[in-house]
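> Sharing a structure below in structure tokens format, with a few things to ask.
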């Protein structure tokens, strides 16, 4: 009977550790996605500005992008094609969002957010550690065991430029084999087009 009780307690500990690992993975996914979404928002805002549209047309902010000044986001100089391909922007600044999202999900970064790639695609990788240990149990050492998890999120282009980079708006891009015109003279179309130009996803 004692053996069966020990086995049941051990299985309970394994289940609790698995639940903790799942929660920590959620925190890692959220942190990586926050950095990637922040960088995507930088690209949207910079592209809108380069095309002559107000930055606010990019839509509601998700994680914040580059630092703001008195008149709005402080953006590096760049032509529309530079923003479309990710040659400008600050992936390192976007990494600043990762820690807050890890913390909001009960974990903390174990090291810096890592950026790789560029121009697009660009990936953001993080490793987090749970703020809570597995807890005391019949399995020795679990009270000092903190689950860890890693995640990587990628910002990818959905479209490629067709117009030469020197061309003034409106411009033509190719998305999934179809030509799309981006014209600042039509604000709603411009907002919708710019929001569709970049994809964010978790990577294996």
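> Which members of region 190-203 meet the condition of being in contact with a strand residue (DSSP E or B) (Cβ under 8 Å, 6 or more places away or on another chain) and either surrounded by fewer than 18 Cβ atoms within 10 Å (Cβ to Cβ) or at pLDDT below 90 (or both)?
Result: 190, 193, 194, 196, 199, 201, 202, 203.
> Out of contact with any helix residue (DSSP H, G or I) (no Cβ under 9 Å at 6 or more places or on another chain), part of a loop (DSSP other than H, G, I, E, B), more than 30 Å from residue 179 (Cβ to Cβ) and modelled with pLDDT under 95, is that true of residue 133?
no
> Residue by residue through region 106-125, note down the ones that are surrounded by 19 or more Cβ atoms within 10 Å (Cβ to Cβ) and not in a strand (DSSP E or B).
113, 120
> Here's something else I'd like to know. Of the residues that make up region 142-155, is at least one modelled with pLDDT of 95 or more and closer than 12 Å to residue 43 by Cβ?
Yes, region 142-155 contains at least one residue that is modelled with pLDDT of 95 or more and closer than 12 Å to residue 43 by Cβ.
> Taking residue 158, is it surrounded by fewer than 19 Cβ atoms within 10 Å (Cβ to Cβ), at pLDDT 95 or above and within 17 Å of the chain's Cα centre (by Cα)?
Judged against the criteria, residue 158 is not a match.
> Which condition from (1) closer than 19 Å to residue 39 by Cα; (2) touching a residue at least 40 places away in the same chain (Cβ under 8 Å); (3) in contact with a strand residue (DSSP E or B) (Cβ under 7 Å, 6 or more places away or on another chain); (4) in a helix (DSSP H, G or I) is the one that residue 97 breaks?
Among (1) closer than 19 Å to residue 39 by Cα; (2) touching a residue at least 40 places away in the same chain (Cβ under 8 Å); (3) in contact with a strand residue (DSSP E or B) (Cβ under 7 Å, 6 or more places away or on another chain); (4) in a helix (DSSP H, G or I), residue 97 violates only (3).
The values are calculated or read from the model by the stated rules, or taken from the named source; none is laboratory data. This one's a predicted model, so the numbers in the text were calculated from it and none came from an experiment. Virtual Cβ from ideal backbone geometry, glycine too; neighbours counted across all protein chains shown.
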